[in-house]
Structure formats: structure tokens, C-alpha cells
Amino acid sequence: MRNVLVEHFRGYIFAIAATAAALWVRSLLDPVLQERLPFGVFYLSVIISAWLGGTHAAAVAMVLGTLAAAHFIIPPASSLWITEPADWVSLLIYAIVGCVTIVTFEKTRCDQRNAEQRSTENQALTETLKKSDLQKDEYLALLAHELRNPLAPIATSVDLMARCRDDGRRFDALRRAVQRQLSQLVRIVDDLLDVSRYLQGKMRLVRDPFDFREAIGAAVEMLQPQIDEREHDVRLLIPDEPIGVNGDRVRLVQVVSNLLSNSAKYTPRRGRICIDLRTENGVAILAVSDNGVGIAEGDRARIFEAFAQVDSSHTRDHGGLGLGLALVRQLCELHNGTVDAISRGPGKGSRFEVRLPLVELPTPAIRVVKSRELVDLASTSVMIVDDNRDAAETLSMLLTFEGMKITVAYDGPMALDLLRRQKPQFILLDIGLPGMDGYEVARRIRADQRQDGVKIIALTGWGGPEDRRRSKEAGFDDHVVKPVDPGSLVALLRDVQPQSA
Ligand code: ADP
């Protein structure tokens, strides 16, 4: 405000000085001009004021010039009266030219200001782009590092497995190592896909009322190897009665397991972790606390942002991509809940609290379920269709161990050709096949009456809701996302056993 006043004030001084100077020049020219061109030199004072002082100064200069001309130049002298029509015309022309000058200068000034503002904005944008480009490069390096971490032990284990085929105990230990590292890889890829799904607004929940204690149990079971490996002491304070939440079971297991896995990771060996579930005013509150590295006050909000890590340096102690807590927050929000981090500071442990609305659990309906144990998969005929020969062969080996009869096809036409001569009970069909894709193959199988009753299961890398909808439309009975967990696949085959089996 003060600056604006000073600016105006300076402009008015310019206007007065320019008009005075013009009047002085006019007085010098008086012997030559006499009463002719009364406003001539005042054009100059208006232009100079508009240039140096701005619109207001130019307007003041114009008024002062009019008064000076009327008073000193136009007869009758020493009076502001203008009587002659010629003088009125001169005044009119002076006013029009003055206004045009003021508007032109103002427009030029406006354009200049806009150009300067655009240039500042562009500079800021360039800086932001440069920064995000750098962050992207750093993140890609981190991602490559995190992906490479499990690959090294897998490569070594596979190499060693070939050498100690006869040493059953060692072979088994290597196999378990490969399994652990693979699940780590799968988790990284799943997290990346989940975050990108959420950012694109494509994450969908399959919600049902269920007992939240089940999600906690499943998460603890999942992370038991990590907890055992770090020798943590885990305490569970879980009520005896069910805690009903309306949620996506799989996603809520993910929420609990992400928090628990962080506690296991960010707590030094033989630490203490506590999982506490309680209810308060219609809300289920899950708290996962540890006596680990803790969180500084300034980092408490930031850690929930995607790709954010307190320590993302190459020399940091812990792996990870900074996606776990972002997913936890996103999933809690999608469940109309919240998550908070509480810590008394670095080295003083952390506590993460998830709050979800409580719901009444329906009385369990009595369902007659065919016991899995009773369904014998031996002699079940299965066709595997996958252009990745290694994937097809290893899956075939796995199912053969279960006693199933396997046929393998490496593309759609080959599968359709084989199906002219045989009728399997299951077809495990890859969707991304070259030439004729899995959708088309499934449609053709469904159109073939000889294959009535066959169960077609999609095996694919695409597991989004849209992909599941498309596979259902094409005639698939189920949809399994690669890499396939052998146990889950066998369980699925038991569940969807065709009537004829
Ligand atoms: P990541 O563990 O892959 O780095 P997360 O999103 O799970 O990513 O966590 C983000 C950051 O929050 C971590 O890098 C870590 O600094 C901090 N953090 C998460 N959980 C804990 C915890 N239990 N104790 C201390 N710090 C934690």
C-alpha cells in the first residue's frame, strides 16, 4: 500500500514538473507562436508523464496542460475562459490525443507486466520440472536397486540348486530363499500397481461386513517369517468378541501387514511390537506400536505421501520404495477411515493408529460347503495355454505333482486345434497371447458346444477391475494374477471343480 502511494506521488511530481517545463518552453516560443498552437508543447508533457509516471500522472499532466494553456496562452489572458471555437477544437484534439497516449502507454505497460509474470511462472515451472525430473531419476535408481536386491539371491540360489541336487536339506533351504525373495519382488510390483491404480482413481474395493480380527490374524501369519527373522517380541491385545467392519478383506490385511512389516523393519533386532485392537464410540481402533527408530515431528505427515521416505539415501539401512504408508492411508480413506502416526521423536518408537467405522456383523448363514479335502484333483485334466514356454512348463510340472493330466499349448490356434480332440476339465489360459489373444480364444471355446462345462481360468499379469470385467465378459470363470501362487491355484481348482469331475 505504502509503495503504491509513493509510486503515485512520484508520478504526480513528474506531471507537475513536465507541465512546468512545457510552459517554460512555450513561453520561450511565445514570440514566434503567439496565440497559435496553444496545446502544442503540452502534448510532450503528457507523453513524458505517461512514460515515466504512469496513467494517473499523464491524466494530471493533461489537466494541468489544459489549465496552463487556458490561463497563460489562450485569450483572454489570466482567465480560464475559452471563447473561440478554434481553441475549443484544439482542446478537443489535445484531449483525444492525450487519452490515446495514456491508453497506449497503459496497454504497453500491461503487456510488459504480463510478459514478466509469464516469464516468472515459466521459470518456476522449469524449476519444478527439473526437480521432479531429478526426483524421477532418483526414484528409478531406487526402484532398480530394490528390484535388484531380491534378484541376486534368486540367481545365486538357482545356480546353487543345480549343484546340490542330492543334498535335500540344502536344496530345500535354497528353494525357500527363492520363494521369500520372489514374494518380495511380487510385493514391490503389486505396490507400484496399486499406487498407480489409486492415483488414476481406478482402485475398487470389494466390501463386505467381516470380523477385523481376521485381517489382523492373516497379517500376523503373513509376516511371521520377517518377525521371527528379526527376533521381535510381538504382543497381541485383541478382544474376544468380533469387531465388525465393512471392508475389503484383502485390502485390510494389506493395511495391517504394511504397518506390521514397517514396525518389524524400523525396529532394531529383538524389539517389541504391540498390536492393539479396541472399539470406541462406534469406531474400531487398531494401533500398531513399536520401540523402534521413531519418527521426527517434521516427518510425521510426509511419510504418508507416495514415494516419500525419511531416509532415501543410497546408504540407508532399510529397503523399500516409500509406498507402504501411502497405500495404508489411501486404503483407510477408501474405507471411510483414517490413519495417524504418533511418535515421541527419533529413537523413541512409533505408534500407527487406524480408525474404521464399526458395523454390525450379520448372523453367519449356514452354507453347505464341499470340503476341499474331499475334492480329489488326481486325474483332473487341465490344459495350459501360455506363450511363455518356461511359465507353461513349470506350471505343468507343478500340476503333474498333484496327479493332474496336463496338456500344454503355446498359442490360441494350437489350443483350439488340441481342443478338437480332447475335452479337459480346466483350461488355464494366458490373456496376452500373440496373434489371437486369450479373450478371443475363450470366446471361441465358449461357442464350441463340445466344450460345454469346461472351466476357463485366466492367468494374466493384469488384475484390475476392468481386466476382470473383460475376462468375465469373454467367458472366463475365474481370473488369477501372475505370478501364480501354487497353493492358491490348487485351492482355486478345488473350489471351481466342474460338475462332471
Ligand atoms: P518404505 O518403508 O518402503 O520406505 P513406507 O511408506 O512404508 O515406505 O514408509 C515411509 C517412511 O516412513 C519410511 O521410509 C520410514 O522412514 C517411516 N516409517 C514407516 N513406518 C515406521 C515405523 N514403524 N517406525 C519408524 N519409521 C517408520
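The values are calculated or read from the model by the stated rules, or taken from the named source; none is laboratory data. Please read all numbers here as calculations on a predicted model, not as lab measurements. No Cβ is skipped: glycine too gets one built from the backbone with ideal geometry, and neighbour counts run over all protein chains shown. SASA here: full protein model, heavy atoms, side chains in, ligands and nucleic acids out. Shrake-Rupley method; radii C 1.70, N 1.55, O 1.52, S 1.80 Å.
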Using only the Cα atoms of region 173-228, each taken as one equal point scatterer with no solvent, compute I(q) by the Debye sum, divide by I(0), and report log10 of the ratio at q = 0.16, 0.20 Å⁻¹. -0.76, -0.99
Which listed residue (Leu277, Gly247, Asn258) has the Cα farthest towards the positive end of the charge dipole for region 239-302, taking +1 on Lys and Arg C-beta and -1 on Asp and Glu C-beta about the Cα centre? Asn258
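Which net charge results for the neighbourhood of Ile74, defined as the other residues with beta-carbon distances under 13 angstrom from its beta-carbon, given Lys and Arg at +1 and Asp and Glu at -1? Present the calculation step by step, with values, prior to reporting the outcome.
Values: positive: Arg26, Arg36; negative: Asp30, Glu35, Glu84, Asp87.
Charge balance near Ile74 sits at -2.
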Report, in cubic angstrom per residue, the convex hull volume of the C-alpha atoms of region 190-293. 119
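Just subtract the alpha-carbon distance of Val32 and Glu214 from 0.36 nm times their residue separation and send over the number in nm, one decimal.
Numbers: separation 182, 0.36 × 182 = 65.52 nm, distance 10.59 nm.
Full extension of this stretch gives 54.9 nm more.
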Report the calculated FRET efficiency for Leu398 and Leu143 (r = Cβ-Cβ distance, R0 = 35 Å), to the nearest 0.05. 0.70
Label 7 Å along Cα→Cβ of Glu297; region 329-353 residues with amide nitrogen under 19 Å? 340-352
Just how much of Glu231 is accessible, in Å², when a 1.4 Å probe is used and the result is rounded to the nearest 10? 90
Mean separation of Cα contacts under 8 Å, 6 or more apart, over the residue count of the chain: relative contact order %: 8
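Taking the mean number of other Cβ atoms within 10 Å as a proxy for protection, how do you rank 39-47, 401-409, 448-456 from highest to lowest? Could you put the intermediate results ahead of the total?
Values: 39-47: 23.1, 401-409: 16.8, 448-456: 14.8.
Most protected by this proxy first, the peptides run 39-47, 401-409, 448-456.
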Quick one: 3J(HN,Hα) in Hz for region 156-163, Karplus 6.51/-1.76/1.60 with θ = phi - 60°, rounded, Gly and Pro as x. 5, 4, 4, 4, 5, 4, 5, 8
Using the Cβ atoms and a cut-off under 13 Å, what net charge is assigned to the surroundings of Arg169, where Lys and Arg are +1 and Asp and Glu are -1? +1
Flagged links, alpha-carbon separation over 31 Å, of Lys107/Lys136; Lys130/Lys202; Lys136/Lys202; Lys423/Lys472; Lys202/Lys405: Lys107/Lys136; Lys202/Lys405
Amide proton proximity set for Ile427, modelled H, under 5 Å, gap of 5+: Met383, Lys455, Ile456, Ile457
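Hey, what D do you get for the chain in µm²/s if you plug the Kirkwood alpha-carbon radius into Stokes-Einstein at 37 °C and 0.692 mPa s?
On the way: Rh = 30.2 Å.
Translational diffusion coefficient: 109 µm²/s.
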If a paramagnetic tag sat 7 Å from the Cα of Ala162 along the Cα-Cβ line, which residues of region 460-485 would have the backbone N under 19 Å from that point? none
Cα centroid of region 107-160 to Cα centroid of region 416-472, whole Å: 41
Enter the mean projected area of the convex hull around the alpha-carbon atoms of region 265-305, in nm², rounded to one decimal. 4.1
Rounded to the nearest 0.05, what FRET efficiency do Glu440 and Arg109 give with R0 = 41 Å and r taken as the Cβ-Cβ distance? Could you check? 0.05
Please work out, to two decimal places, the log10 of the ratio I(q)/I(0) at q = 0.19, 0.20, 0.22, 0.26 Å⁻¹ from a Debye calculation in which every Cα of region 429-501 carries one identical scatterer. -0.80, -0.88, -1.03, -1.28
Quick one: Debye curve from the alpha-carbon atoms of region 64-219 only, equal weights, vacuum; give me log10 I(q)/I(0) at q = 0.10, 0.12 Å⁻¹ to two decimals. -0.75, -0.90
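Can you divide the C-alpha Rg of region 134-216 by 2.2 N^0.38 Å and report the result to two decimal places?
Details: Rg = 18.4 Å, N = 83, 2.2 N^0.38 = 11.8 Å.
After normalising by residue count via 2.2 N^0.38 Å, the value is 1.56.
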Largest first, please: the extent of the C-alpha atoms of region 38-114 along each principal axis, to the nearest Å. 48, 19, 15
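For the ranges 336-343, 80-87, 11-18, what's the packing order if you count other beta-carbon atoms within 10 Å of each residue, average per peptide, and put the highest first? If you can, show how the numbers build up before the last one.
Values: 336-343: 16.9, 80-87: 12.5, 11-18: 20.2.
Ranking the peptides 336-343, 80-87, 11-18 by packing returns 11-18, 336-343, 80-87.
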So what does Leu459 come to for accessible area, using a 1.4 Å probe and Å² rounded to 10? 10
Nearest 10 degrees, 0 to 90: what angle lies between the long axis of helix 324-334 and the longest principal axis of the chain (Cα atoms)? 80
Taking every other residue with Cβ under 12 Å from the Cβ of Pro209 and scoring Lys and Arg +1, Asp and Glu -1, one gets -3
Give the carbon-plus-sulfur fraction of the accessible surface of region 107-168 in %, rounded to a whole number; probe 1.4 Å, heavy atoms of protein chains only. 57
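Just to confirm, what accessible area per residue do you get for the chain at 1.4 Å probe, in whole Å²?
Working: 29430 Å² over 501 residues.
It amounts to 59 Å² per residue over the chain.
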